[in-house]
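Notes to accompany the following structure.
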Amino acid sequence: MTFVNWFKRRLVVIAGLLTLAYLLLPNVVVTVFSFNNPKGRFNYTWQEFSTEAWKDPCGVSGLCASLSLSLQLALWATLGATLLGTMIAFALVRYRFRARGAVNSLIFLPMAMPEVVMAASLLTLFLNMGAQLGFWTILIAHIMFCLSFVVVAVKARVMSMDPRLEQAAQDLYAGPFQTFVRVTLPIAAPGIAAGALLAFALSFDDFIITNFNAGSTVTFPMFVWGSAQRGTPVQVNVIGTAMFVIAVLLVLVSMVIGNRRNRQKA
Amino acid sequence: MATVTEAPPLAPAPETKPPRTPRKRGRWTPYLLLLPGLLWLFVFFALPVIYQASTSVQTGSLEEGYEVTWHFATYWDALSDYWPQFVRSVLYAASATVLCLLLGYPLAYLIAFRAGRWRNLIMILVIAPFFTSFLIRTLAWKTILADGGPVVDALNTLHVLDVTAWLGWTAGDRVLATPLAVVCGLTYNFLPFMILPLYTSLERIDPRLHEAANDLYARPSTTFRRVTFPLSMPGVVSGTLLTFIPASGDYINSDLLGSTDTRMVGNVIQSQFLRILDYPTAAALSFILMAAILVIVTLYIRKSGTEDLV
Amino acid sequence: MKTTKDTTTAGHGGGDVRLTGIGKTYGSFTAVHPLDLTVPQGSFFALLGASGCGKTTTLRMIAGLEEPTSGTVHLGDQDVTALPPYKRPVNTVFQSYALFPHLDIFENVAFGLRRRGIKSVKKQVEEMLELVQLGEQARKKPHQLSGGQQQRVAVARALINHPKVLLLDEPLGALDLKLRRQMQLELKRIQTEVGITFVHVTHDQEEAMTMADTVAVMNAGRVEQLGSPTDLYENPRTTFVANFLGTSNFIEAEVDTKSGDEIVLKAGGGKLVLPGARNSAPTTAGGKVLVGVRPEKISLTHADDAGEIPEGRNRITGRIAESSFIGVSTQFVVDSPVCSDFEVYVQNIDRDARLVPGAEVVLHWNPAHTFGLDAAQDIDAGVETGEEEVA
């Protein structure tokens, strides 16, 4: 009886932790198999422990080139989408203008559409224009689908911002430019950063849209896709594991720094 | 002495608050801010959709070129050839969405109300897998669900596979290359998109509401049904949309974890476009998918009464 | 206080705020009807009114945060109507303070100085923080301070710029009652110390009366009446002012005779006397006048003792409907043929045990405390409905 009660009270916690395990299981597998020494081309069954792949992560031709291409693309796409998206978000929150409804739906629709539809229609356009598929077409596509997400993230932040803060800055002798740089931007920064981070993650990990519009250019997800058909090198797991670890460490470090700064100030 | 002179009072002005209008200066500013981004979206999102609509009613061939002939039969042919894939897409996506909700809700609830000082860590663990390419993670499911692997063995021993095979979700003593594997992959891939909006709306709920409900004789289950769940509806709506929409157009899970019997409409569009190069059929399929999604989303949003998603 | 008294002669330049025909409309809605208003240098001036009466809009037009639809704003001899806020020698203490959340207290206070290109701000900022007793908190972020402390930072941030005028937009609205009382005195002290003109917007009549030398009561985009707090309270010229500042009782009466500076009126069966100087209504014989009297000016005598009431006092009869004992006084609501719900506050000096609900009583007061208003207005205008301005 006490066990049943104990179980009942912790049902949510247990169910939640099981879901968390479900979410993390593949990462565990990816990590474990980065130390595998597979026989044959595929890395799906465990053979023996090896650190070969970790010693030479770029040992597979094309892998690191695709990784660096993906990073570059993600960087530029983030920059473009964040700039354009932030401008739109400010306009939406701060100004009145005509055709607001149309503008809102143009921003909402890319998020309410399966990627494959956007990918296919963009390809139709590029084919019709006779555009050369490659870096630029991928970049254009990435900026396009990241844009809406940046708008949403920044808009939420700007909307919760007290308009009196900017008025206070103006009242205290800051001109429009000074007001923007000294007050608006720093306060909107967390929203812009969140939008940029989202754009980076979306662009870096995008496969479907890239698949359609890349031509023969190979990004990291495309490399993984190709290798899934021909045989996956262990190095793919190494890169995946490394990125997971780096991401967690970066977040933890930034949190520790943030905590310490808060404690010092208090 | 201070002075005041003014007209005698007339009828009182309406009791409305003056609208907060931005300053008159810079009437063109909003348009200048909107222009580059909207132009981008128009040229690379709206225009392609129109192009695609036109492509779908063209006839011709790659060699001789295409022209618009208002050949609507393409739609009919596409539907009659590929309706099983359409049905499958909707079924798989709907199953994955329901599973995501069932799995994601307890975790979102845990993070919002029960995690205490572990909250940030769990959040990081939910988001961090994003940084390992989702293709790599999906491939990991091939290992997890491998024939003769521990998972499949366990399911076999417990006779779960017999039940699922009878339901048509699996075939024989395999999980890979079956609908179950595809739905499992879809669920896994879009689970974070369910958890994050759920968490956001749960986190906004004042914990004192739980206490108030308990104080007013609601047992925990009633509290959940009458207070927590209704208040988390915005999260449920956006979570289900964020899961269903991408899942319905996905072709990666079916390709990596499924077989030819689990092909979804995304697979068809992809192969028509990139391998068979039958552009009109591909465009028609894509257009039908888009229209179907828009109809479903609109109905769903109407029904759930949540309009402010953006 | 002395700075205030010395400079109350208008038009001698310096830091007067002069609004000429200033008005503001939003589409078809008139927030502020064109009005003229002069705030003399060094005074503590309050704009008092309910939410949506145009007081904040008026303040924002002085600050330059709102462009007037008509009229001009002068600071001393300078026309600042066309100047943007960041070029006006005027600073504002915003409602809910608008402290910059990303800057610490020191940088918040230094903001204005830095924007004007002043390099060495340390000494000034420290002195200013001392003035508002926040020297210790300089390196904290705004959210780490209490409401009262934040309020003082907002005042310091504005005052450090030595503005010609300090504008305060509901500066105490977010504080609890006790703290508000304390800050009222604090602000008054600071104003006396620095001698800068303060223009204070509030919906709290007690706050306005405690702090300001001059109060302008605003209603529906117009200034209803302007004067010192005592003047407004004792001689309200409209029912709105009479009701918005404290409580007033009104009796509808008819002009009977006029003799010298006394007007005799008929109400119910009896006669009431009204000093001509305290009447703002037209007094043609037979015309209607609203006779007003404040509840604390009235004495209550049991009907049995009616004979003891001295001659020459205005009197009406009635029956006690309710009474509530609140310590320093007892508040009665009296039902009278000439006015239902007549309010009477009686000091608790000698409590008459017979004054309980149902008792027949005579209400009487010195005619000098009577004021007369034009009967052609809403008796209930400005009666507080308990709404607090939040936004």
Review point. Normalised by the number of residues in chain C, what is the relative contact order in percent for Cα pairs under 8 Å and 6+ residues apart?
Key: 15
Point to revise | Among B:Ser61, B:Ser232, B:Ser95, residue whose mean-square fluctuation peaks in a GNM of chain B (springs only between Cα atoms under 10 Å) | key: B:Ser61
Review point. Short version: ³J(HN,Hα) in whole Hz for each residue of region A:68-75, in order, from phi by Karplus 6.51 cos²θ - 1.76 cosθ + 1.60 (θ = phi - 60°), x for Gly and Pro, what are they?
Key: 5, 4, 4, 5, 4, 4, 4, 4
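Quick one: B:Arg208, B:Arg263, fewest Cβ neighbours within 10 Å first, how do they rank?
Numbers: B:Arg208 9, B:Arg263 21.
Final ranking by Cβ density, sparse to dense: B:Arg208, B:Arg263.
Work out, in µm²/s and without decimals, the Stokes-Einstein translational diffusion coefficient of region C:247-374 at 4 °C, 1.567 mPa s, Rh from Kirkwood over C-alpha pairs.
Values: Rh = 14.9 Å.
Result for D is 87 µm²/s.
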Exercise for review: Calculate the tail of P(r) for region B:45-183: the fraction of all Cα-Cα distances greater than 26 Å, expressed in %.
Suggested key: 54
Review point. Taking chain C as a Gaussian network, where each spring joins two C-alpha atoms under 10 Å apart, which residue of C:Ile196, C:Ile379, C:Ile118 fluctuates the most?
Key: C:Ile118
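Would you mind ranking B:Val227, A:Val236 by Cβ crowding within 10 Å, fewest neighbours first?
Details: B:Val227 18, A:Val236 26.
The fewest-first ordering by Cβ neighbours comes to B:Val227, A:Val236.
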**Study point:** Pair C:Asp335, B:Phe42: separation of 7 Å Cα→Cβ label points (nm)
**Key:** 7.3
Point to revise | Reduced Cα scattering model of chain A, Debye log10 I(q)/I(0), q = 0.07, 0.08, 0.09, 0.16 Å⁻¹ | key: -0.38, -0.49, -0.61, -1.26
**Study point:** For B:Glu67, C:Glu252, order by how many other beta-carbon atoms lie within 10 Å, fewest first
**Key:** B:Glu67, C:Glu252
Check your understanding: Taking the C-alpha atoms of region B:162-310, how large are the radius of gyration and the largest Cα-Cα span, Dmax, in Å?
Key -> 20.1, 65
Review point. Mind checking which of A:Ala242, A:Ala141, A:Ala74 has the largest fluctuation in a GNM of chain A, springs on alpha carbons under 10 Å?
Key: A:Ala242
Revision key, fill the gap. Taking a crude spin-label model, label points 7 Å out from Cα along the C-beta direction, the B:Lys303 to A:Asp162 distance in nm is 4.3
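Go ahead and estimate [θ] at 222 nm for chain A from helices alone: -39,500 (n - 2.57) per DSSP H run with n ≥ 4, summed, over the residue count, rounded to 500. Don't jump to the answer; show the numbers that get you there.
On the way: 13 runs with 199 residues, N = 266.
After summing the helix terms and dividing by the residues of chain A, the value is -24500 deg cm²/dmol.
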Check your understanding: Let a ≥ b ≥ c be the square roots of the eigenvalues of the Cα gyration tensor of chain B; is it rounded (a/c under 1.5), or, if not, prolate (a/b larger than b/c) or oblate?
Key -> oblate
Check your understanding: Under the rule of -39500 (n - 2.57) per DSSP H run of 4 or more residues, summed and divided by the residues of chain C, what mean residue ellipticity at 222 nm is obtained, to the nearest 500 deg cm²/dmol?
Key -> -6500 deg cm²/dmol
Practice item. Take the Cα coordinates of region B:88-260, assign each an equal point scatterer, and use the Debye formula without solvent to give log10 I(q)/I(0) at q = 0.09, 0.13, 0.17, 0.19 Å⁻¹. Key: -0.38, -0.74, -1.06, -1.18
Review point. On a 0 to 90 degree scale, rounded to 10, what angle separates helix C:147-159 from the longest Cα axis of chain C?
Key: 60
Review point. For the Cα atoms of chain B, what angle does the longest principal axis make with the long axis of helix B:233-248, in degrees from 0 to 90, nearest 10?
Key: 40
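Please work out whether region C:164-284 counts as rounded, prolate or oblate from its C-alpha gyration tensor, where a ≥ b ≥ c are the square roots of the eigenvalues and a/c under 1.5 means rounded, while otherwise a/b larger than b/c means prolate and anything else oblate?
Values: a/c = 3.01, a/b = 2.51, b/c = 1.20.
Cα axes put region C:164-284 in the prolate bin.
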Review point. What FRET efficiency, computed as 1/(1 + (r/R0)^6) with R0 = 22 Å and r the Cβ-Cβ distance, is obtained for B:Ala218 and A:Val4, rounded to the nearest 0.05?
Key: 0.55
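If you average the sequence gap of Cα pairs under 8 Å that are 6 or more apart and divide by the length of chain A, what percent do you get for the contact order?
Values: 268 pairs, mean separation 83.3, N = 266.
Relative contact order, chain A: 31 percent.
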Point to revise | Acute angle (nearest 10 degrees) that the helix B:134-144 long axis makes with the longest principal axis of chain B, alpha-carbon atoms | key: 40
**Study point:** Per-q log10 I(q)/I(0), the protein assembly as shown, q = 0.08, 0.10 Å⁻¹ (Debye; single scatterer per alpha-carbon; no solvent)
**Key:** -0.93, -1.17
Point to revise | Helical contribution to [θ] at 222 nm, DSSP H n ≥ 4, -39,500 (n - 2.57), averaged over chain B, rounded to 500 | key: -19500 deg cm²/dmol
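Run the numbers for B:Arg275 and B:Ala292: contour at 0.36 nm per residue of separation, minus the present Cα-Cα distance, in nm.
3.7 nm
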Review point. Between A:Glu48 and B:Arg204, how many nm apart are label points set 7 Å from Cα along the C-beta direction?
Key: 5.8
Check your understanding: Do any cysteines in chain A lack another Cys Cβ under 4.7 Å, and if so which?
Key -> A:Cys146
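Find the eigenvalues of the gyration tensor of the Cα atoms of region A:166-215, then list the square roots of 5 times those eigenvalues as equivalent ellipsoid semi-axes, largest first, in whole angstrom. Spell out each step's value before the answer.
Details: eigenvalues 303, 21, 6 Å².
The answer is 39, 10, 6 Å, longest axis first.
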Review point. In percent, what relative contact order does region C:247-374 have, based on Cα pairs under 8 Å that are 6 or more apart in sequence?
Key: 32
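Values in this text are rule-based calculations from the coordinates and carry no lab data. What you are looking at is a predicted structure, and each value in this text was computed from that prediction instead of being measured. With ideal geometry, Cβ positions are generated from the backbone for all residues, glycine too; neighbour counts draw on all protein chains shown.
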